[in-house]
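Notes to accompany the following structure.
The values are calculated or read from the model by the stated rules, or taken from the named source; none is laboratory data. Small disclaimer: the values here were computed from a predicted structure and weren't measured. Cβ sites come from the backbone with ideal geometry, for glycine too, and all protein chains shown count toward neighbours. All accessible areas refer to the heavy atoms of the entire protein, side chains included, with ligands and DNA or RNA removed. Shrake-Rupley method; radii C 1.70, N 1.55, O 1.52, S 1.80 Å.
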Amino acid sequence: MSQPILVIAEQVEGVLRKVSFEALSAARELAGTMGCETYALVLGNEMEAAAAELGKYGAEKIIVAQDSALADYTTDAYCNVINDIAAQVNPGIIVLGATAQGKDLAARLSARLKAALATDCLTLRAENEQVLTSRSMYGGKIVADVALNGTPVIAAIRPNTFPVKEAQAAGKIEKPNVKTGDIKTGLLGKHLETGKVDLTEADVVVSGGRGMGGSDYSVIENLANVLGGAVGASRSAVDEGWRSPSDQVGQTGKTVSPALYIACGISGAIQHLAGMSSSKIIVAINKDPEAPIFNKADYGIEGDLFEVLPVFTEAVKKMKG
Amino acid sequence: MEILVCVKRVPDTAENEIEINSDGTDIDRDDLVYSVNEWDNYAVEEAIQIRDKVGGTVTVVTVGDDESEEVLRREMAMGADKGILLSDGAFEGSDGFGIASILKAAAGKGNYDLILTGAQADDGAAQIGGMLAAMLDRPYASLVNSIEVVDDKTMKIGREIEGGNQEMSEIQMPCVLSIQTGINEPRYVGIRGIRKVASVDIPVHGAADLAVDASAAGSAGAKVKRLDYFVPELGEGAEMLEGGMEEKIDKLVELLKAKGGLK
């Protein structure tokens, strides 16, 4: 296949998200096996400097679509612009991150381009010019291998799942004229929690569940802070009103795949496991030695989280000097 | 306001062990407990609340077999006014694009100001709302967690984006929104409520009624093909750390350092 792979990079407030580099690395690897080029596409306003970095990760061409109307994501404008660029570039495969924005975009784009779509891809490979991916279904209880037929196809990859690999490429910047078209949604405002580590991109997630017994998450937050991680919560903690729904890890919340996941006072219902079982290392702390979370965890400590966490936090502090 | 809510009957993952059937082509559907896709209940509840405020009707629609009628009745017991079942052997094996095409045809038979879907369902794809919106050429927003009707043309919506961030937007109707859990508290449906709607007529539309093109729906039209299913390995269970508190933590820190969990 000689058609290029087009990676749609994602930026928030002008900064490229980590998943963009993961998507590019995954695409580059795939391009290697298929013998085609990899292009990156960045949409935004004044993104040229930030976009140039994508050359280091294998983008032969970096298409920077700039317009003040693209500074913030809107489904309409982004979809219109990508549609036009896809018509020029004629990609065989489009790869992007399965983030809130990526999934929003991918669904609309796939209908526009009549492209087969797989979201939340865990693997990506090509066999006999067919794109294959595996994705988890039924709350993580089943993994399905899926073939995407036709051209183009769209693969939205799960954040924190594909490694970022440097691979210097030409990184030639192109700035096409863009038409954002009719935008039927207007952004009124954003409430940004600055400085907060994003759950889906965090390397470490420390979550508290029913065992927290209330909304005081300071022992969790302290550990997350020294680890540079994010704070998560189980559904029951969210249902109790102890944490905001945006902190919820699980089937009806976020899916996270950090290098280290620490589950504190969480029994391990399937609802929760669905959101964190692809974490690389799982540590569970629970008073109940029979808690199902211990079946899923790599390491377990039977004990009261309010006693364990401060000791753990101090030990990490000491280790980090 | 005329509101259409797309719902789906799904295996209840909390109630079932999900296994793969003998020829590996699907999950084993014998003896599974089914329920309404959880996100859809939030969408129906939101539709009911909007209708109760500004008037209109709430219609629930699903693509499925005869048994999917039960989820329509459940949502009608919650308070939806009408149910429509889209069922035809020709729909079997549809991919997301196919399902969205069928729903698009059904949406075209009504005059809906607002179409809601759940943010995602059992296959976790989160795709139907966006596809449907594109096919209808209507504005779309996903992961909506608040809706305020401004007038009969405009709504203010809140969307959950990453990092606990929240986005507030204005959107023009008619539009399509996918609804995130937590937007409301779906009301409880008792057995009495279900009985009350047990004999309400639910129309069934097939491919011919909807004029759905066979190249879009059904297994022939599906560009996304499932090749294989497998159950992810469960692992061996946790290595329980023993000893006094300091000892346990020392062990944990050492293990995490060695395995790359701590840097």
| task | Give a quick list of GluC sites (Glu not before Pro) in the range A:34-108 that DSSP marks as loop, anything other than H, G, I, E or B, with at most 16 other Cβ atoms within 10 Å. | result | A:E46
| Looking only at other chains, what is the average number of their beta-carbon atoms within 10 angstrom of each beta-carbon in B:246-254? | 5
| Looking only at other chains, what is the average number of their beta-carbon atoms within 10 angstrom of each beta-carbon in A:108-115? | 6
| field | Of all accessible heavy-atom area on chain A, the percent that carbon and sulfur account for (1.4 Å) | value | 46
| Filtered GluC sites (Glu not before Pro), the range B:92-174: DSSP coil and at most 16 other beta carbons within 10 Å | B:E92
| message | Can you find, among A:Y217, A:S278, A:S236, the residue sitting farthest towards the positive end of the charge dipole of chain A, where Lys and Arg contribute +1 and Asp and Glu -1 at Cβ? | response | A:S278
| note | Once B:R187, A:R210 are ranked on solvent-accessible area with the largest value leading and a 1.4 Å probe, the list reads A:R210, B:R187
| What order, most packed first, do the peptides A:23-30, B:254-261 have when packing is the mean number of other Cβ atoms within 10 Å of each residue? | A:23-30, B:254-261
| What net charge do the residues around A:I282 carry, taking every other residue with its C-beta under 9 Å from that of A:I282, with Lys and Arg at +1 and Asp and Glu at -1? | +1
| request: Mind jotting down the distance between the C-alpha centroids of the range A:238-310 and the range A:106-145, whole Å? | output: 27
| said: Using a 10 Å cut-off around each Cβ of peptide A:181-191, what is the average number of partner chain Cβ atoms that fall inside? | reply: 6
| query | Remind me, relative contact order of chain A in percent, using alpha carbon pairs under 8 angstrom and six or more residues apart? | reply | 15
| query | Using the Cβ atoms and a cut-off under 12 Å, what net charge is assigned to the surroundings of A:I173, where Lys and Arg are +1 and Asp and Glu are -1? | reply | -1
| remark: Of the listed pairs A:K141/B:K104; A:K18/A:K196; A:K320/B:K251; A:K179/B:K109; A:K190/B:K156, those with alpha carbons more than 23 Å apart are A:K141/B:K104; A:K179/B:K109
| task | Order the peptides A:144-157, B:240-253, B:66-79 from the highest to the lowest mean number of other Cβ atoms within 10 Å of their residues. | result | A:144-157, B:66-79, B:240-253
| field | Reference-scaled alpha-carbon Rg (2.2 N^0.38 Å with N residues) for the range B:130-263 | value | 1.79
| Qualifying GluC sites (Glu not before Pro) for the range A:121-174 [loop in DSSP, other Cβ within 10 Å: at most 16] | A:E129, A:E166
| task | Kindly tabulate the residues in the range A:66-100 with an accessible-area decrease of at least 40 Å² between the chain alone and the assembly of all protein chains, using a probe of 1.4 Å. | result | A:A100
| What percent do you get for the relative contact order of the range B:69-159 when only Cα pairs under 8 Å and 6+ apart count? | 17
| Ignoring ligands, DNA and RNA, what accessible area per residue does the protein assembly as shown give at 1.4 Å, in Å²? | 40
| Size of electric dipole in the protein assembly as shown: Cβ of Lys, Arg +1 and of Asp, Glu -1, about Cα centre, debye, nearest 20 | 1180
| field | Summed buried accessible area for B+A [probe radius 1.4 Å, Å², rounded to 100] | value | 6900
| request: Highest first, please rank the peptides A:116-126, A:245-255, A:219-229 by the mean number of other Cβ atoms sitting within 10 Å of their residues. | output: A:245-255, A:116-126, A:219-229
| said: Roughly how far apart, in whole Å, are the Cα centres of the range B:8-59 and the range B:126-141? | reply: 20
| message | Residues of the range B:185-225 that become at least 40 Å² less accessible with every protein chain present than in their own chain isolated, using 1.4 Å: which are they? | response | B:K223, B:V224, B:K225
| remark: Mean separation of Cα contacts under 8 Å (at least 6 apart) over the residue count of chain B, i.e. the relative contact order in percent, is 24
| field | Residues of the range B:136-154 buried by at least 30 Å² on assembly (accessible area, 1.4 Å probe, chain alone as reference) | value | B:D137, B:P139, B:Y140
| Accessible surface of chain B [probe 1.4 Å, protein heavy atoms]: carbon and sulfur percent | 46
| So what's the net charge close to A:T99: Lys and Arg +1, Asp and Glu -1, counting the other residues with Cβ under 12 Å from its Cβ? | -3
